[in-house]
Amino acid sequence: QVQLVESGGGVVKPGGSLRLSCAASGFPFSDYYMTWIRQPPGKGLEWIGYISGSASSMYVADSLRGRFTISRDNAKNSLSLQMNSLTAEDTAVYYCARDAGLGYWGQGTLVTVSP
Amino acid sequence: DIQMTQSPSSLSASVGDKVTITCQATQDISHSLNWFQQRPGKAPKLLIYDASTLETGVPSRFSGSGSGTDFTFSISSLQPDDVATYYCQQYDSLPYTFGQGTKLEIK
């Protein structure tokens, strides 16, 4: 069955960087767009961006572009989110999801930006 | 960016009640709308896509309707298991934006 498992979360200092990963299984990974979404504690969902199956197309929301980059390694069935210049406002649970339609989600990984 | 506004922000209803949540987009999104359920401490779950199509395995008491800018999500007979926050999300235009959520509780 479809499984998405995020990893790489943790505590990082303001101004720091973090790279999140999402391990996918149970479906032909390279056939699907993959999406990142985040959710600050106690708040709503924010769509971060997505990447096409071939990685030829990638889109990140304007508010995050320049700091966040999405990439994938189809040989390893792995999706990544590189996050730079982190601030307290980036504290959130980060989810990966399959396709633009978000039919399958991982369990999320918590990123805390704190001195 | 397209803004999605849900109403109400929170809702309390009794078991067996019909519950309705609305979602309004700031521009025409045709039928490009998802509805998600998020139980406390869990990842969101897709319930409805294309505004009115039930995801496989989702109980038939859930339904969605609407097109253009105005959409409705309903639960025909509220069950205790339905306690959750519900989100709409448009996927017509990038970035694909979410509503602010509707927290549903049992009275």
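Since every read-out is calculated from the coordinates, none of them should be taken as a lab result. As the structure is a computational prediction, the values presented were derived from the model and not from experiment. Positions of Cβ are generated from backbone atoms using ideal geometry, with glycine treated the same way; all protein chains shown enter the neighbour counts.
Quick look at the values:
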read-out	value
Least to most buried among B:ILE2, B:ILE75 (fewest other Cβ within 10 Å first)	B:ILE2, B:ILE75
Label point distance in nm, B:SER77-B:ASP50, each placed 7 Å from Cα along Cα→Cβ	2.8
Whole-Hz ³J(HN,Hα) from phi, Karplus 6.51 cos²θ - 1.76 cosθ + 1.60, for segment A:36-49, glycine and proline x	10, 9, 10, 9, x, x, x, 10, x, 8, 10, 6, 8, x
Sites B:THR69 and A:LYS76, calculated FRET efficiency, Cβ-Cβ separation with R0 30 Å, nearest 0.05	0.10
More than 21 Å apart - percent of Cα-Cα pairs taken over chain B	27
Chain A, Cα convex hull volume normalised per residue, Å³	91
Using a Förster distance of 25 Å, the FRET efficiency for A:ARG65-B:ASP28 (Cβ separation, nearest 0.05)	0.50
Förster radius 22 Å - calculated FRET efficiency between B:ARG39 and A:ASP99 (Cβ-Cβ, nearest 0.05)	0.50
Charge dipole (debye, nearest 20) of the protein assembly as shown; +1 at Cβ of Lys and Arg, -1 at Cβ of Asp and Glu	600
Using alpha carbons only: equivalent-ellipsoid semi-axes of the protein assembly as shown, gyration tensor based, whole Å	29, 19, 17
Along principal axes, Cα extents of segment A:43-108, largest first, whole Å	34, 24, 19
